[in-house]
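The structure appears below as structure tokens.
The values are calculated or read from the model by the stated rules, or taken from the named source; none is laboratory data. All figures in this text were calculated on a predicted structure; none of them were measured in a lab. Note that we place each Cβ from the backbone using ideal geometry, even for glycine, and neighbour counts take in every protein chain shown.
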Amino acid sequence: MILLSQVLWFMTFVECSEVLRLRGVAISKLLLYDASKDFTCFDGTFTIPFKNVNDDYCDCNDGSDEPGTSACPNGWFHCTNAGHQAFNIPSSRVNDGICDCCDGSDEYVSNNCSDFCSILGEEARVAALKRAELIKSGCELREQLSWKGKKMREEKKERFMALERDKNEAEAIKAEKEAIKKEIEKAEAAVLEAYRLINEAKQAEEDENQKKQEEQEAFEAFSLIDSNKDEKIQVNELRARQTFDQNKDGVVNDDEVKFIMGDLTELTWEEFLKTGWNRMRPLFMLEKGIFQPPSTEQPEAAEKNEDESGAIHGNDEPEEEWDEGEGDGDDTDEDGEGEEGEQAEETAEGEAEDNKENQDAEDGKPKYDEESQRIIDEANRARSEFESAERSVRDVEREMRQLEEALNKDYGHEDEFAPLDGECFEYTDREYTYKLCPFDQVSQRARSGGAETRLGSWKGWVGRGNQYSTMLYDHGQSCWNGPQRSAHVEVSCGLENAVTFASEPNRCEYVLHFITPSACWPEVQQESVPHDEL
Ligand code: MAN
């Protein structure tokens, strides 16, 4: 840094024309322009007589010999701007008719520019003061937020450790409940297996009885038709029975005989049982009035019997007969019940099991004996206790995962951004309301209504220089025919937390501005603070 007194001394000793030679030179470079010596270009390529400096002819390749004229295309003119901030402009702007320096020094030929540096300087000083106050108060708030953030981190760590203990305990309980469940389920399986075998045997017996009953019925019919008792049924014996006269014309014709006998001329008992009986059984039932064929008209009875599922039952009894005959009508009924069955499956597993196991048999007697029922009840209880223990482990694990995620998040140098996690801030422009939930996501909702669109999920800090100056939220909802949405959030110092601006500079790429005390730090280099050179 060169002292002002030195500069004044220097300037006293250079002649007026030489002062002009120094036009456009920054104070910091004055010593390089020594009028008592030849001038050496800054890049060291040439040395020229000092009188050739600022002679409106470009001698040096780097433009250093013409700081105060526009002769060199790559030269720089220094605006001293006393009272405001000094800066350099490309020397091509010197004497181009436009006032670039606030002191007007770049337009020295026309001398048309007035000096308004003091006004600008004053404005800049006021702005700098305001900024300094903002930074000061912001820093105080940031320190408080940082203290809060660190405390939150500590609390989370403590909670995590407590959960680790809880997890061990919950896992031990789960293991214990699982062992109990396995044990009692073994006993339950044995009970259910025993009952399955009993039921199977019962069913087999019932089937056998049914078969016998049906055979008896068949035998009675066989004996009835076999009028000559030769243990065979002949055509004439069929013709003798009006039962087989299906069209009710008074005779049992060939077709009606063929319907029963098929291609045979007589039926032995075995053949009768195998085919003939099945064919003639509906005719017998019809005769007895047990079996009613479906009517083609719209019988009232059928309407009456229409149940909720839409199935039509012509008669209570004959469903089973229909199976043997035409075999339709039943399907609808089964479908209807199927739906109910599905609903039942949707109820909680344990509950469904409870209901199933405790069901009474149709005869009103309990399905299981007392001891078996006790085992089943106990197994149900053990299952539900195991499930609840399992749930507890899952709950603890979920909370631990969430805490771990939060503990791994980068909340700034001193956790100053941590208190923002869990909060949301909105900003509405002409078309959309944007919502920023720091460390979680950014979304957008049209003012005209409709669903929220996720613009991105928290990815991390991506600021250049100061990484905590920009947040990135990516992998948002895909754009139609375009990329997945993403949002950059520019973070700067402010005394409150607020989104102050939102835009979409490229389709489906969003930029939000967010102010927060968490981003307030003392400014080491205050760029816009003016400094006087003279
Ligand atoms: C929605 C909004 C807009 C976006 C278009 C892309 O209208 O998310 O921001 O540009 O979709 O189709």
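Tell me the residue from 481, 506 that is modelled with pLDDT under 95, polar (S, T, N, Q) and over 18 Å from residue 441 (Cβ atoms), please.
481
Which residue is surrounded by the most Cβ atoms within 10 Å (Cβ to Cβ), if the candidates are limited to segment 67-84 and must be out of contact with any strand residue (DSSP E or B) (no Cβ under 9 Å at 6 or more places or on another chain) and touching a residue at least 40 places away in the same chain (Cβ under 8 Å)?
84
Among (1) outside any loop (DSSP other than H, G, I, E, B); (2) more than 12 Å from the ligand (Cβ to nearest atom); (3) among the charged types (D, E, K, R), which single condition is residue 504 missing?
(2)
Of all residues in segment 475-488 being under 16 Å from residue 503 (Cα atoms) and not in a loop (DSSP other than H, G, I, E, B), which is farthest from the ligand (Cβ to nearest atom)?
For segment 475-488, the residue satisfying everything is 488.
Could you say whether any residue in segment 18-33 is within 20 Å of residue 89 (Cβ to Cβ), in contact with an Asp or Glu (Cβ under 6 Å, 6 or more places away or on another chain) and either of a type in the set (Gly, Ala, Ser) or in a loop (DSSP other than H, G, I, E, B) (or both)?
no
(1) within 12 Å of the ligand (Cβ to nearest atom); (2) in contact with a Phe, Trp or Tyr (Cβ under 8 Å, 6 or more places away or on another chain): which one isn't true of residue 516, the others all being true?
That leaves (1) as the condition not met.
Mind listing just one residue for me: the one in segment 415-438 that is within 16 Å of the ligand (Cβ to nearest atom) and part of a loop (DSSP other than H, G, I, E, B) and, of those, surrounded by the fewest Cβ atoms within 10 Å (Cβ to Cβ)?
This residue is 430.
This table checks each residue for (1) among the small types (Gly, Ala, Ser); (2) surrounded by fewer than 11 Cβ atoms within 10 Å (Cβ to Cβ); (3) within 46 Å of the chain's Cα centre (by Cα).
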residue	(1), (2), (3)
187	yes, no, yes
228	no, yes, no
239	no, no, no
245	no, no, no
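Any residue at all in segment 439-454 that is more than 16 Å from the ligand (Cβ to nearest atom), among the aromatic types (Phe, Trp, Tyr) and closer than 25 Å to residue 149 by Cα?
So far as segment 439-454 goes, yes, one or more of its residues are more than 16 Å from the ligand (Cβ to nearest atom), among the aromatic types (Phe, Trp, Tyr) and closer than 25 Å to residue 149 by Cα.
Looking at (1) over 22 Å from residue 429 (Cβ atoms); (2) within 16 Å of the ligand (Cβ to nearest atom); (3) part of a strand (DSSP E or B), can you tell me which one residue 459 breaks?
Only one criterion in (1) over 22 Å from residue 429 (Cβ atoms); (2) within 16 Å of the ligand (Cβ to nearest atom); (3) part of a strand (DSSP E or B) is unmet by residue 459, namely (2).
Out of 120, 134, 141, report the one residue that is buried (at least 18 other Cβ atoms within 10 Å of the Cβ) and either at positive phi or assigned to a helix (DSSP H, G or I) (or both).
141
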